[in-house]
Structures are given as structure tokens and as C-alpha cells.
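Engineer: Please read through the structure below; I'll follow up with questions.
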């Protein structure tokens, strides 16, 4: 189980508001949410968001998010269950500095054709790792508002 409270992606509030606005009412699936700091921040801004992380510590997540009455933030820690969410139409999947594994590619594989994934990372990770697998050729860098601690960039992946 992943139990650290380390934050790999630290966006400012403008970046978070941009994500919420970019979603434009779509359900946001925070894929690889860890302990949920991005999920929580988007929830506070009024976004519809679900945390998905098959490697995280569910009890620690609930403890970290207790003040939000966890029932309002759904947390999926079973990959077989997460694919039911990622296959839903018209969602925005977020991958914010994900761990380097086949999790990103496998999740996008289950993504509904009307949904979109945002892969948010530093350029050296985009170039140096194969997180997106076969979907890397579909990734288009898009501009965003706000900034983050390490100057992350945003790539959009759409299947169609």
C-alpha cells in the first residue's frame, strides 16, 4: 500500500480552477489520486470528482479527507472497480504526475471514446517514460492557466 503523504504535483489555485473550468461540468476522475490532495482541492472548488488509486491506503485517504465528509468524495481502490468509472462516457481523467507503470496506459485503454485524459507532468517525464504507451502519439500539449511547483505541462489524450 502507498502510505506516504508526499505530493508530486503542487498546482496553485489558478491551475486548479483551470482544471475545474476545463472539465466544464464533466465528472473528473483523479486517476492515481494517492491521498487525494488534488481530489480534495477540486471538490472544494465545486468540481464533481472521484479519486481512483489502486495502490493507495484507503484508511489514510479517509483520514486525510475526513473534514469533507468522505461520502462526498468517492474513492476507488480496486482496479477492477475503477475501470467501471473510467469507461463511463464524457469524463475527464486526470493523471497528475503518476507513478511510472502501465497504470496510465491501462486506464486510458478503458476510457470511453467520448472522454478525455489529461496527462500532467514535467516534460522530462513525458519524454523519458512510456507511461502513455500506445496513446503517446495521441497526446497533444495544451496551454493552461496557473502554475505549479515544478512547472508541469498538460497533454490531452482523446481516442477519437
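Engineer: Scan segment 125-157 residue by residue and report those that are in contact (Cβ under 8 Å) with a residue 40 or more places away in the chain and either surrounded by 15 or more Cβ atoms within 10 Å (Cβ to Cβ) or under 19 Å from residue 99 (Cβ atoms) (or both).
Structural biologist: Residues satisfying the conditions are 144, 148, 149, 150, 152, 156, 157.
Engineer: If a residue counts only when it is in contact with a strand residue (DSSP E or B) (Cβ under 6 Å, 6 or more places away or on another chain) and at pLDDT 75 or above, which strands (runs of 3 or more DSSP E) contained entirely in segment 42-146 have at least 1 such residues?
Structural biologist: Fully inside segment 42-146 and qualifying: 49-52, 91-96, 116-121, 140-142.
Engineer: Still on this model: All but one of (1) modelled with pLDDT under 90; (2) over 14 Å from the mean Cα position of the chain (by Cα); (3) outside any loop (DSSP other than H, G, I, E, B) hold for residue 21, so report the exception by its number.
Structural biologist: Residue 21 satisfies all of (1) modelled with pLDDT under 90; (2) over 14 Å from the mean Cα position of the chain (by Cα); (3) outside any loop (DSSP other than H, G, I, E, B) except (1).
Engineer: Please go through (1) surrounded by fewer than 20 Cβ atoms within 10 Å (Cβ to Cβ); (2) at pLDDT below 90 for residue 33 and return the number of the only condition it doesn't satisfy.
Structural biologist: Every listed condition holds for residue 33 apart from (1).
Engineer: Looking at the structure I just gave you, is residue 39 modelled with pLDDT under 80 and more than 17 Å from residue 157 (Cα to Cα)?
Structural biologist: When the stated conditions are applied, residue 39 does not pass them.
The values are calculated or read from the model by the stated rules, or taken from the named source; none is laboratory data. In this text the structure is predicted, and so the values were computed from the model without any measurement. Here Cβ is always computed from backbone atoms with ideal geometry, including for glycine, and neighbour counts include all displayed protein chains.
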